[in-house]
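Asker: Sending over a structure as structure tokens; questions will come in a sec.
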Amino acid sequence: MNLHEYQSKVLFSEYGIPVPQGFVAYSEQDARSAAARLGGEVWVVKAQVHAGGRGKAGGVRVARTIDEVGEYTKEMLGTFLVTHQSTENGLSVDCVYIEQGLAIDQEFYLGMLVDRLRERVMVMASVAGGVDIEEIAETSPEKILYGEVSSTGRLEEKEALSLAEGLGLQGSQRSEFINILTKLVKLFYECDASVVEINPLILTSSGHVLALDAKINVEDSALFRQTKLEALRDPNQEDEKERIAREHHLNYVSLEGNIACMVNGAGLAMATMDLIKLHGGEPANFLDVGGDATASRVTEALKIILANKNVEAILVNIFGGIVRCDLIAEGIIDAVREVKMRIPVIVRLEGTNVEKGRMLLANSGLDIIAADNLTDAACKAIASVGSANP
């Protein structure tokens, strides 16, 4: 689950991480009032969306009068901001963040993430602040510094000092950076974050280090113990199909292909997508209906799949372990009838009561294509949309 910048900065402040003063605004008048409260002569108007690259897309504007603050706010609110990290339709701008303008001497990057290969939380820092970390990694990988958080959730002092020295910070700047980093590690663990980024972390002209931007992703699987953070979820920033899937306890992620997948089990779902790709097709989604899938859940899954207009075929791959194949077959039959399916449905069943399940599908009178195994299912799905390799 992603947080907005303004929400992340509230959390930063609670942990003692310094950020510029700012206020969220939902209207032009809100924005003008926020600028007046902040005072000064320069303000920054920031569109609040769950995507990076806002500045390049026109979602971050520097205003030098309160009239400009109001003008930029009016231009942003109610629009859809398209960035390199958003979908082609963009994300709705429902609020903006009005922040005090600051004189900046230098910009850095500071982030934390879970490195699954090392099975550790890693810290990344770079002198190339204000640039996407992916771009830095591709064009100037030598500019990225790394630190490893111990398995106990502590960053050793020597690791923090090494990062500060690598960024060229001196004296009190170094102390301020280490203080920020120490508190960021604490926040990361206590909030069950999967990613935290400050891009840029800045050195002001007055010589202080603070977080000019803030990005926090919270691990979905930990939200049961992060109810305060879950309350900050903004459904308008999420893919509608993914939101509906979550409400029905389905794991769904939209992709760009035309062959939809409905599978029970995340590992099996990944293998299914891999085989579709291997044989020349393009998966339209990841969809795990879970090991305890029910007929009603299968129906909802098919409805979500069909909401994607790019889908030209559906591959159902079920291994009946906890759930019997005949029950899954009944669910598929009921769902296909209810949603009035008009595209090919390829079904591969295996496991408990598989023969009974296959017989139910064969006698259903529906246009369901049976597959003997996973490779057969993938090839039949690809052939049904005319995209098989020659």
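Asker: Give me the 1.4 Å probe accessible area per residue for the chain, excluding ligands and nucleic acids, in Å². Show your work: numbers first, answer last.
Answerer: On the way: 18630 Å² over 390 residues.
Accessible area per residue: 48 Å².
Asker: Give the shape of the stretch 1-81 as rounded, prolate or oblate, defined through the alpha-carbon gyration tensor: a ≥ b ≥ c are the square roots of its eigenvalues, a/c under 1.5 means rounded, and otherwise the shape is prolate if a/b is larger than b/c and oblate if not.
Answerer: Oblate.
Asker: Could you give me the ³J(HN,Hα) list for the stretch 57-63, computed from phi with Karplus coefficients 6.51, -1.76, 1.60 and θ = phi - 60°, whole Hz, x at Gly and Pro?
Answerer: 8, x, x, 9, 10, 9, 10
Asker: Follow-up question, since we're still on this one. Using a 10 Å cut-off on Cβ atoms, rank the peptides 108-114, 148-154 from the highest mean neighbour count down.
Answerer: 108-114, 148-154
Asker: How far is the Cα center of the stretch 335-390 from the Cα center of the stretch 97-167, in Å?
Answerer: Comparing the Cα centres of the stretch 335-390 and the stretch 97-167, I get a distance of 48 Å.
Asker: Return the equivalent ellipsoid semi-axes of the stretch 160-287 as a descending list in whole Å, where each equals the square root of 5 times an eigenvalue of the C-alpha gyration tensor. If you can, show how the numbers build up before the last one.
Answerer: Values: eigenvalues 323, 69, 36 Å².
Those come to 40, 19, 13 Å.
Asker: Moving on to the next point. Report ³J(HN,Hα) in whole Hz for each residue of the stretch 39-54, in order, from the Karplus equation J = 6.51 cos²θ - 1.76 cosθ + 1.60 where θ = phi - 60°; Gly and Pro get x.
Answerer: x, x, 10, 9, 9, 10, 9, 10, 5, 9, 9, 8, 7, x, x, 5
Asker: For the stretch 337-390, rounded, prolate or oblate, judged on the Cα gyration tensor with a ≥ b ≥ c (square roots of eigenvalues), a/c < 1.5 rounded, else prolate if a/b > b/c? Could you put the intermediate results ahead of the total?
Answerer: Numbers: a/c = 2.89, a/b = 1.27, b/c = 2.28.
Oblate shape, in that a/c is at least 1.5 and b/c is the bigger or equal ratio.
Asker: Quick one: which residues, 5+ away or cross-chain, put their amide H under 5 Å from the amide H of residue 106? H built at 1.01 Å from N.
Answerer: Amide H neighbours of residue 106, under 5 Å, 5+ apart: 203.
Asker: State, to one decimal in nm, how far the label point of residue 266 lies from the label point of residue 342, with both points 7 Å from Cα in the Cβ direction.
Answerer: 3.6 nm
Asker: First check a/c for the stretch 40-108, with a ≥ b ≥ c the square roots of the eigenvalues of its C-alpha gyration tensor; if it is under 1.5, answer rounded, and if not, answer prolate when a/b is larger than b/c or oblate otherwise.
Answerer: It comes out oblate by the Cα gyration axes.
Asker: Report the extension gain between residue 152 and residue 15 in nm, rounded to one decimal, defined as 0.36 nm multiplied by the number of residues separating them, less their alpha carbon distance.
Answerer: Here the segment from residue 152 to residue 15 would lengthen by 47.4 nm.
Asker: Let me ask another. Using packing as a proxy for protection, rank 223-233, 195-205, 169-179 so that the peptide with the highest average count of other Cβ atoms within 10 Å comes first.
Answerer: Highest to lowest by the protection proxy: 195-205, 169-179, 223-233.
Asker: Ok, one more. For the stretch 198-204, what does the Karplus curve 6.51 cos²θ - 1.76 cosθ + 1.60, with θ = phi - 60°, yield as ³J(HN,Hα) per residue in whole Hz, taken in order and with x for Gly and Pro?
Answerer: Karplus values, whole Hz, x for Gly and Pro: 10, 9, x, 8, 10, 10, 6.
Asker: Add -39500 (n - 2.57) for each DSSP H run of 4 or more in the chain, then divide by its residues: what number comes out at 222 nm, to the nearest 500 deg cm²/dmol?
Answerer: Calculated from helices alone, the mean residue ellipticity at 222 nm is -11000 deg cm²/dmol.
The values are calculated or read from the model by the stated rules, or taken from the named source; none is laboratory data. Note that this is a predicted model, so its numbers are computed, not measured. Here Cβ is always computed from backbone atoms with ideal geometry, including for glycine, and neighbour counts include all displayed protein chains. When the accessible area is computed, the model is the full protein with side chains, heavy atoms only, and any ligands, DNA or RNA have been set aside. Shrake-Rupley method; radii C 1.70, N 1.55, O 1.52, S 1.80 Å.
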